[in-house]
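J.: Before we start, here is the structure in question, set down as structure tokens.
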Amino acid sequence: MSKIGLTTTVPVEVIYAAGDTPVDLNNIFISDTREAMLRIEEAELAGYPRNVCGWIKGLYATALKSPEIKKIVAVTQGDCSNTHALMETWSEEGIEIIPFAFPYDRDGDMLRLQLEKLITALGTTWDQVREQKVRLDQVRQLAWEIDRLTWQENQVRGFENHLHLVSCSDFNGDPEGFARDLEGFIAEAREREPLNLQFKGRKKRELRLGFMGVPPIMPDLYNFLEEHGARVVFNEVQRQFSMPFATEDIVEQYQLYTYPYNVFGRIEDVAREAERRQLDGLIHYTQSFCYRQIEDLIVRRRLNYPILNLEGENPTGLDARSKMRLESFLQMLRD
């Protein structure tokens, strides 16, 4: 058994079927914000330009700081174009790279071929992969329940929702242990009184927000919003990591997964969930120096909701400008 790094969510069923342990490098990188900033500085000292995504720099240094990770499954299509150069710099450091591509047009045959190549590369079989899908889907159902408790029962906070859903990318390397953690959290959350945050003592209903875009590099965002009477009840990409689809076909599962494909499918998912969860507004988070910033113009045209575009660069917490913009957005929603 070996640990295999991930640059983003991939078909982890294949990795578990091969008897290996997936490790989402993003989750390791951001788990300690002080250490995360050191990783970015290390990447820049190694030669990474300042005007490159903080996540990419963080992933580079995090992998090098994890000597037990000798292989990495890197997504070459459906995530970030900077991943290509990231793969090359890792290869230069002696790490084995296993490429995986999500076809832009969601073509089922091409996706099946990519799964086949990953299965061959890791030395497992389709039958073993299907067995792992059954195993992991049982854990995913617990994550879906946490999401439901967030928006329907109002018993889960925005960051708690984020943390448990984002961890579905690798199940913390231990699906059964992760399932026990989820079960314990669900039992505790069900005992809570429904949340209704107040702002400056006001008795008005809390604002219900949706978070669209990649998980934020500054996780203090959630607490800041709640301190100002607003709660995130929808985390778009984090929810997608939990594969919230009722299908037994693993190819169809990764076709329905919206993040790797064009923005229009993501917008349809956001619009559907925004109505179901009765959102007051959306925060569209984009990472500095990321091509997805361009997609914001399409998001604004297609979604009939108040939208704040929030940009993040480094894991140093919300800066004063971002706080002011968030406060103004929330005040606008109240008015």
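J.: What's the number of the only condition in (1) modelled with pLDDT under 95; (2) farther than 22 Å from Arg140 by Cβ; (3) surrounded by fewer than 20 Cβ atoms within 10 Å (Cβ to Cβ); (4) more than 18 Å from the chain's Cα centre (by Cα) that Glu206 fails to meet?
T.: (3)
J.: Moving on to the next point. For the range 102-140, give me the residue count where each residue is more than 23 Å from the chain's Cα centre (by Cα), of a type in the set (Asp, Glu) and more than 26 Å from Cys80 (Cβ to Cβ).
T.: Number of matching residues: 2.
J.: Still on this structure, please answer the following. I'd like the full set of residues that are basic (Lys, Arg) and assigned to a loop (DSSP other than H, G, I, E, B), limited to the range 49-73.
T.: Arg50, Lys65
J.: Just for the range 323-335: of the residues that are free of Cβ contacts under 8 Å to residues at least 40 places away in the same chain and either in contact with a Pro (Cβ under 9 Å, 6 or more places away or on another chain) or assigned to a helix (DSSP H, G or I) (or both), which one is surrounded by the most Cβ atoms within 10 Å (Cβ to Cβ)?
T.: Going through the qualifying residues, I end up with Arg325.
J.: To continue, here is another question. Does Arg272 fit the bill of being at negative phi, assigned to a helix (DSSP H, G or I) and crowded, with 20+ Cβ neighbours inside 10 Å?
T.: No, not satisfied.
J.: Given the options Leu297, Leu282, name the one that is hydrophobic (A, V, I, L, M, F, W, C) and either surrounded by fewer than 17 Cβ atoms within 10 Å (Cβ to Cβ) or not in a strand (DSSP E or B) (or both).
T.: From the options Leu297, Leu282, the qualifying one is Leu297.
J.: Sticking with this structure for a sec: In the range 237-296, what residues are more than 22 Å from Ile56 (Cβ to Cβ) and of a type in the set (A, V, I, L, M)?
T.: Met243, Ala246, Ile250, Val251, Leu256, Ile267, Val270, Ala271, Ala274, Leu279, Leu282, Ile283, listed by residue number.
J.: Would you mind finding the one in Thr83, Thr76 that is modelled with pLDDT under 95, touching a strand residue (DSSP E or B) at 6+ places or on another chain (Cβ under 7 Å) and in a strand (DSSP E or B)?
T.: Only one candidate passes the filter, namely Thr76.
J.: Determine, yes or no, whether Ile217 is touching a residue at least 40 places away in the same chain (Cβ under 8 Å), in a strand (DSSP E or B) and among the hydrophobic types (A, V, I, L, M, F, W, C).
T.: Answer is no for this residue.
J.: For residues that are of a type in the set (D, E, K, R), closer than 19 Å to Thr89 by Cα and over 20 Å from the mean Cα position of the chain (by Cα), scanning just the range 1-45, find the one that is most open to solvent (accessible area, probe 1.4 Å).
T.: My answer is Glu41.
J.: Something else: Being under 25 Å from Leu122 (Cβ atoms) and touching a Leu at 6+ places or on another chain (Cβ under 9 Å) is the filter; apply it to the range 46-70 and report the residue that is surrounded by the most Cβ atoms within 10 Å (Cβ to Cβ).
T.: Leu59
J.: How many residues does the range 217-236 contain that are crowded, with 21+ Cβ neighbours inside 10 Å and either at pLDDT 95 or above or closer than 17 Å to Gly281 by Cα (or both)?
T.: So the answer is 10.
J.: Is it the case that the range 42-57 has a residue that's hydrophobic (A, V, I, L, M, F, W, C), closer than 22 Å to Tyr291 by Cβ and free of Cβ contacts under 8 Å to residues at least 60 places away in the same chain?
T.: yes
The values are calculated or read from the model by the stated rules, or taken from the named source; none is laboratory data. These figures come from a predicted structure and were not determined experimentally. Glycine also receives a Cβ, built like all others from the backbone with ideal geometry; neighbour counts cover every protein chain displayed. Calculation scope for accessible area: heavy atoms of the full protein, side chains included, ligands and nucleic acids excluded. Shrake-Rupley method; radii C 1.70, N 1.55, O 1.52, S 1.80 Å.
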